[in-house]
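Asks: Would you mind keeping the following structure in view while I ask a few things?
The values are calculated or read from the model by the stated rules, or taken from the named source; none is laboratory data. Treat the numbers as computed from the prediction; the structure is a model and nothing was measured. With ideal geometry, Cβ positions are generated from the backbone for all residues, glycine too; neighbour counts draw on all protein chains shown. Remember, those area values only see protein heavy atoms, side chains included, never the ligands or the DNA or RNA. Shrake-Rupley method; radii C 1.70, N 1.55, O 1.52, S 1.80 Å.
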Amino acid sequence: MNLSGAKALMKSLECEHVDTIFGIPGGVVIPIYDELFNQEAITHYLVRHEQAAAHAADGYARATGKVGVCMATSGPGATNLVTGIATAYMDSVPLVALTGQVTTDLIGNDAFQEANITGITLPITKHSYLVHEASEIPQTIKEAFHIASTGRPGPVLVDIPKDVQTMSARFEYPKKVHLPGYQPTYEGHPGQIKRAAKAITEAHRPVIYVGGGAKISGASEEVRALAETIVAPVTMTLMGMGTLPAEHPLSLGMLGMHGTKYANYAVTESDLIIAIGARFDDRVTGKIASFAPNAKIIHIDIDPAEIGKNVRVDIPIVGDVKRVLQKLIPLLKDTHTKEWMEKVQTWKREYPLEFGETGLKPQYVVREISRLCPDAVVCTEVGQHQMWAAQYFSHRHPRNFISSGGLGTMGYGFPASIGAKIGRPDETVFDLAGDGSFTMNCQELATAVAYDVQVKVAIFNNGYLGMVRQWQELFYDRRYSQTKLSEINFVKLADAFGAHGIRVDSPSEVAPAIEEALAVPKPVIIDFRIEPEECVFPMVPAGAALNEIIDAKNGG
Amino acid sequence: MKHTVSVLVQNKPGVLARTAGLFSRRGYNIESLTVGVTENEAISRMTIVVAGDDTVVEQVTKQLNKLIEVIKVSDLTKESYVDRELVLIKVTADSSNRAEIMQIVNIFRARIVDVAPKSLIIEVTGDEGKLDALISMLKQFGIKEIVRTGTLALGRGPKVIQSGKD
């Protein structure tokens, strides 16, 4: 069967069970959009900025575990995807980005809307392709989805010149891929697993440190089983939140720069760190030399390059977290953690997360959202509100907290929440946002309204780029250089787009506003006018050790 | 310390950019990089000389392995290997010193590949030590230009680096 390149692309996407694409058409992808016009199997969501297409596909992928797909035209369309691709790369999100390219005879000529997008995205993609012939399309798409979704997932970019879309070639969808250079290790080495079991059995002060890899691997049950078997506390990174429910007695919440005091103390005094799908990021470890100074480290990760990258590891296990834990747990015997757990529980009682009571406190708003919709999918932007969302929302489910961790992309949360809601239409989806972050992609209100994607946005409006302001307050003598934001009427903004807006000024209005937002069958913005100079505490200053953690009493 | 790393890659466009780009963006220093097709024309072999301690080279190896088109990475420095580099050296030479230069060239088993009234081009292959020695001997005559291929290397003995992780 002979098909045009564009048709072959559609067929290939169908073979990969793609039913959702986020994108914007443009000059060199018109043949693809022309094929899309006839398509029933695939719903295309027209966003208002390509960056949002990438973030929405990313949110969709994180919420569902499927591969997210976004599409853009050449040149500016493609370069607008870049931040979204980098975001997905840093957080290991399976994403396929399809871009149009100028015709093959024009490539390299600085043609209209030409950008070398495979070159630009080289360091932020797991792999990329520039397709030269229509006949390459099925194989390329097959490989792209395989690479994006297996091993340590990541974004793959496929760049398709316009003439390749219109040329005709035989179509046959390959059954398998042959990539001799790409064979991820899923099974952990049995000898290493035995060594790990021995170290765990001998440990007196173990801490389980869980990252995003546990979610990706679907290992929540195994993490819980491990913790309960050996009776050890579990701390999670921003990416790992929800792996073990926050209410679980063994949960210590988040560790690191804005982690709980008790998590950071536990890590510092631990004699064994069991790192699961985590990468010892600088926001987690603080000063690396003082990180868990007396601990042996077991590191389980599917990506061998993460092992030994930032810290010295005693027992590395390369493999899929879920499978490794399934092999490890049956080998574990009695542990001696009773004393340790008592100590940890004392820290937990002594140093709870707490906040003041004056004015409208952002922490209170998060707690109320958590109380009124405990099973909501929570997306965030980046900054103070993101940390409050991590700290004060009672995370219950592994795929319900969606946040840009590695790249820290402001403007991520809102389009990601649209993608998440499309992927899981029956669930409540909240975007917790700052006023700075939200305005970076607020044009997507148009998308949410156009497709009736009823996401609820809670803006923590302090009139500042709050996290930077906090650093300026604490470390730069309150010199608030370029962090004061001008006033925006978000209720009117919502109205202009056809969404619903609510303004909240006092604590008593919080719960009614959330209830109203849930009741209104529309995308909703709640403008919470929070205490403008509230800080995120506790905090480990950059470059300090985890136990040099400050709170509102000794830092603010 | 220098490490000589042998890398088998799929012979595809962009693979060199991907490999070289990885070094620069992760802050590793390449001393030299050579690439050419192997006995199997679908596969190329790169020889990369990288400076750094064992931890750095371990990361380099792991990061290289993550590239989809990289089939096999092997740190030759860990075993016994042969390395060679080819250098062309253009030296100032006239009738007064040509004979002396030719003597030096002979001692190093190098060859003269171009003669002009005021210059010579010398071709020499060898390992780094030999090449450095020759270059320092030729400095006195005036070196006009040097071009080097970069190091090529193969492990000694019958063992080969298989072109497939399959």
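Asks: State the Cα centre-to-centre distance between segment B:36-78 and segment A:469-487 in whole Å.
Replies: Each part's Cα centre sits 47 Å from the other's.
Asks: So for A:SER508, B:SER80, what's the accessible-area order with a 1.4 Å probe, most first? Let's see the in-between values first.
Replies: Values: A:SER508 90, B:SER80 65 Å².
Accessible-area ranking of A:SER508, B:SER80, largest first: A:SER508, B:SER80.
Asks: So which of A:LYS126/A:LYS215; A:LYS261/A:LYS421; A:LYS66/A:LYS142; A:LYS215/A:LYS309; A:LYS287/B:LYS2; A:LYS421/A:LYS484 end up more than 23 Å apart, counting from Cα to Cα?
Replies: Long pairs (Cα-Cα over 23 Å): A:LYS261/A:LYS421; A:LYS287/B:LYS2; A:LYS421/A:LYS484.
Asks: Test of the criteria: in segment A:145-232, which GluC sites (Glu not before Pro) are in a DSSP loop and have at most 13 other Cβ atoms within 10 angstrom of their Cβ?
Replies: A:GLU172, A:GLU187
Asks: In nm, to one decimal, how far is the modelled label at A:ASP426 from the one at B:ALA17, with both set 7 Å along Cα→Cβ?
Replies: Once both label points are built, they end up 4.6 nm from each other.
Asks: Right, another one. In a solvent-free Debye calculation with one equal scatterer on each Cα, what is log10 I(q)/I(0) for segment B:82-152 at q = 0.25, 0.27 Å⁻¹, listed in the order of the q values?
Replies: The Cα Debye sum returns log10 ratios of -1.14, -1.32.
Asks: Note the per residue figure in Å³ for the convex hull of the C-alpha positions in segment A:7-132.
Replies: 99
Asks: How shielded is B:17-23 by partner chains, expressed as the average number of their Cβ atoms within 10 Å of its Cβ atoms?
Replies: 2
Asks: Using a 1.4 angstrom probe, figure out how much accessible area the protein assembly as shown has per residue, in square angstrom, rounded to the nearest whole.
Replies: 41
Asks: Then there is this: Would you compute, for the Cα atoms of chain B, the largest minus smallest coordinate along each principal axis and list the three values in descending order, in whole Å?
Replies: Taking max minus min along each principal axis of the Cα atoms, chain B gives 60, 32, 31 Å.
Asks: Percent relative contact order of chain B, based on C-alpha pairs within less than 8 angstrom and at least six residues apart?
Replies: Answer for chain B is 27 percent.
Asks: Hey, which aspartates and glutamates would be in cross-link range of B:LYS72, C-alpha to C-alpha under 12 Å, not counting anything within fewer than 8 residues on its own chain?
Replies: Correct list for B:LYS72: B:ASP166.
Asks: Could you calculate the contour length gain from A:GLU172 to A:LEU46, that is, 0.36 nm times the residue separation minus the distance between their Cα atoms, to one decimal place in nm?
Replies: That pair, A:GLU172 and A:LEU46, stretches by 42.4 nm at full extension.
Asks: What shape does segment A:69-208 take by its C-alpha gyration tensor, where a ≥ b ≥ c are the square roots of the eigenvalues and a/c under 1.5 counts as rounded, a/b above b/c as prolate, and the rest as oblate?
Replies: Verdict is prolate for segment A:69-208.
Asks: Counting only protein heavy atoms and using a 1.4 Å probe, what share of the accessible area of the protein assembly as shown belongs to carbon plus sulfur, as a whole percent?
Replies: 52
Asks: Related question: Give me a comma-separated list of calculated 3J(HN,Hα) values for segment A:386-403, in order, Karplus coefficients 6.51, -1.76, 1.60 applied at θ = phi - 60°, integers in Hz, x for any Gly or Pro.
Replies: Result, ordered by residue: 5, 5, 4, 5, 5, 7, 9, 7, 8, 5, 10, 10, x, 9, 9, 10, 10, 8 Hz.
Asks: Would you kindly state the longest site-free stretch of chain B, with sites defined as GluC sites (Glu not before Pro) in a DSSP loop (not H, G, I, E, B) surrounded by at most 12 other Cβ atoms within 10 Å?
Replies: Longest site-free region, per DSSP loop and neighbour criteria: B:80-166.
Asks: Counting DSSP beta bridges with both partners in the protein assembly as shown, what percentage is antiparallel, nearest 5?
Replies: Here the antiparallel bridges make up roughly 45 percent for the protein assembly as shown.
Asks: Once you have the alpha carbon radius of gyration of the protein assembly as shown, what is it after dividing by 2.2 N^0.38 Å, with N set to its residue count?
Replies: So the protein assembly as shown has a normalised radius of gyration of 1.08.
Asks: Separate question: From the Cα trace of segment B:18-103, what convex hull volume per residue do you get, rounded to a whole Å³?
Replies: 176
Asks: Okay, next question. For chain A, what relative contact order do you get, as a whole percent, if you take Cα pairs closer than 8 Å and at least 6 residues apart?
Replies: With pairs under 8 Å counted, the relative contact order is 14 percent.
Asks: Given a 1.4 Å probe and no ligands, DNA or RNA in the count, how much accessible surface is buried by B and A, both sides, to the nearest 100 Å²?
Replies: On the way: alone 9710 and 21490 Å², together 29580 Å².
Separately minus together, B and A give about 1600 Å² buried.
Asks: Short version: ³J(HN,Hα) in whole Hz for each residue of segment B:74-89, in order, from phi by Karplus 6.51 cos²θ - 1.76 cosθ + 1.60 (θ = phi - 60°), x for Gly and Pro, what are they?
Replies: Taking θ as phi minus 60°, the curve returns 9, 7, 5, 4, 6, 10, 8, 8, 10, 10, 9, 9, 10, 10, 10, 10 Hz for segment B:74-89.
Asks: In segment A:289-305, what residues drop by 50 Å² or more in accessible surface going from the chain by itself to the full protein assembly, probe 1.4 Å?
Replies: Flagged in segment A:289-305: A:ALA305.
Asks: Same structure, new question: Which trypsin sites (Lys or Arg not before Pro) in segment A:445-521 pass both tests, a DSSP loop state and at most 15 other beta-carbon atoms within 10 Å?
Replies: Details: sites: A:LYS456, A:ARG469, A:ARG478, A:ARG479, A:LYS484, A:LYS492, A:ARG503; in loops: A:ARG478, A:ARG479.
Those that pass, being in a loop and sparsely packed, are A:ARG478, A:ARG479.
Asks: Based on alpha-carbon centroids, what's the gap between segment B:106-146 and segment A:401-462 in Å, whole number please?
Replies: The distance from the Cα centre of segment B:106-146 to that of segment A:401-462 comes to 66 Å.
Asks: Identify the trypsin sites (Lys or Arg not before Pro) of segment B:95-166 meeting these criteria: DSSP loop state and at most 13 other C-beta atoms within 10 Å of the C-beta. Spell out each step's value before the answer.
Replies: Working: sites: B:ARG98, B:ARG109, B:ARG111, B:LYS118, B:LYS130, B:LYS139, B:LYS144, B:ARG148, B:ARG156, B:LYS159, B:LYS165; in loops: B:ARG109, B:LYS118, B:ARG156, B:LYS159, B:LYS165.
Sparse-neighbourhood loop trypsin sites (Lys or Arg not before Pro): B:ARG109, B:LYS118, B:ARG156, B:LYS159.
Asks: For chain B, find the longest principal axis of its Cα atoms and tell me its angle to the long axis of helix B:128-138, 0 to 90°, nearest 10.
Replies: 20
Asks: While we're looking at this one, here's another question. Count, for each residue of B:7-15, the Cβ atoms from other chains sitting within 10 Å of its Cβ, then give me the mean as a whole number.
Replies: 2
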